Amino acid sequence: MSNFIFTETKLKGVYLIDVKCYGDQRGYFMETYQENAFREAGLDYRFVQDNQSSSRKGVLRGLHFQKTHPQAKLVRVLHGEVFDVAVDLRRGSETYGQWVGALLSAENKRQLMIPRGFAHGFLVLSETAEFAYKCDDFYHPEDEGGILWNDPEIAIDWPETDALILSEKDTGHPTLSQAGVMF
């Protein structure tokens, strides 16, 4: 019996993953990744790098991708809550330019599996959030790409916040049409 429930989203290959959590008066225990369970669900990845970030409320990171070294990512929240987004950039995909979003939190313990060929970003909804993710390729700083977080063509329905906090880099990304990105 698997400790994971894999639900494919409207974007082929993007999965929302619910994790079984075992708790008692001491706290809880859960598996966050188990290679055999993922492989049985058709998610056969070899992760080579783990990353973690901490952000405060209103921080929006994204929409990021790597141009010639795309990464699949298994993302989750260790503390707090975020609205997590994946945008399809796959050449020939029926859902090219479409997005899917999910609330990920320390409380719901959900994860999102994002395959190669997607841009990724998230917005912090709680006072602070710690975000962790596994990648199936190494980070190459010279290979970074991005799409404007509020591109009207993609039309992501970001949750309302008092004030957004973005890096200078993230405010200067091109739109999807301007970037012409396809994997």
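Between [x] 16.1, 54; [y] 15.0, 48; [z] 15.2, 42, which entry matches Rg and Dmax of the Cα atoms in Å as derived from the coordinates of this structure?
Matching entry in [x] 16.1, 54; [y] 15.0, 48; [z] 15.2, 42: [x].
For Arg90, what is the net charge nearby, where nearby means another residue's Cβ is under 12 Å from its Cβ and Lys, Arg count +1, Asp, Glu -1?
On the way: positive: Lys12, Arg91, Arg116; negative: Asp88, Glu94.
Neighbour charge sum, excluding Arg90 itself: +1.
Quote to one decimal, in nm, the extra length available between Leu103 and Glu130 on full extension: 0.36 nm per residue of separation minus the C-alpha distance between them.
8.3 nm
Probe radius 1.4 Å, ligands and nucleic acids left out: which of Trp158, Trp99 has the largest accessible area, and how do the rest follow? Can you show the working numbers first?
Working: Trp158 30, Trp99 55 Å².
So the residues, ranked largest to smallest area, are Trp99, Trp158.
Accessible surface of His64 in the full protein assembly, 1.4 angstrom probe, to the nearest 10 Å²?
Per-residue accessible area (His64): approximately 50 Å².
Say the cut-off is 26 Å between C-alpha atoms; which of Lys20/Lys169; Lys12/Lys57; Lys20/Lys73; Lys73/Lys169; Lys20/Lys57; Lys57/Lys109 go over it?
Check vs 26 Å cut-off fails for Lys20/Lys169; Lys12/Lys57; Lys20/Lys57.
For a quick check of understanding: with a 1.4 angstrom probe and all protein chains in place, what accessible area in square angstrom does Val100 have, to the nearest ten?
So the heavy atoms of Val100 present about 20 Å² to solvent.
Using alpha carbon centroids, what distance separates region 103-119 and region 130-178, in Å?
15
For every other residue with a beta carbon closer than 11 angstrom to the beta carbon of Val48, add +1 if it is Lys or Arg and -1 if Asp or Glu, then tell me the sum.
Summing Lys/Arg as +1 and Asp/Glu as -1 gives -1.
Counting Lys and Arg as +1 and Asp and Glu as -1, what is the net charge of the other residues whose Cβ lies under 11 Å from the Cβ of Pro70?
+1
Ranked by accessible surface with a 1.4 Å probe, highest first, in what order do Lys109, Lys67 come?
Lys67, Lys109
In nm, give the distance between the simple-model label positions of His69 and Lys20, each being 7 Å from the Cα along the Cα-to-Cβ direction.
Result for the modelled spin labels: 3.8 nm.
For the chain, what does the helix formula give at 222 nm: sum of -39500 (n - 2.57) over DSSP H segments with n ≥ 4, over the residue count, nearest 500 deg cm²/dmol?
-1500 deg cm²/dmol
Quote to one decimal, in nm, the extra length available between Arg46 and Ser177 on full extension: 0.36 nm per residue of separation minus the C-alpha distance between them.
44.0 nm
Could you give the length gained on full extension between Glu8 and Trp158, defined as 0.36 nm per residue of separation minus the Cα-Cα distance, in nm?
Full-extension gain reported as 51.9 nm.
With 10 Å bins from zero, work out the P(r) of region 38-127 over every alpha carbon pair and list the percent per bin.
Taking every Cα pair in region 38-127, the percentages come to 16, 47, 32, 5.
The values are calculated or read from the model by the stated rules, or taken from the named source; none is laboratory data. Predicted model only: the values in this text are computed from it and were never measured. So basically every Cβ, Gly included, is an ideal-geometry build from the backbone, and we count neighbours across all protein chains shown. Note: areas computed on protein heavy atoms with side chains; ligands, DNA, RNA excluded. Shrake-Rupley method; radii C 1.70, N 1.55, O 1.52, S 1.80 Å.
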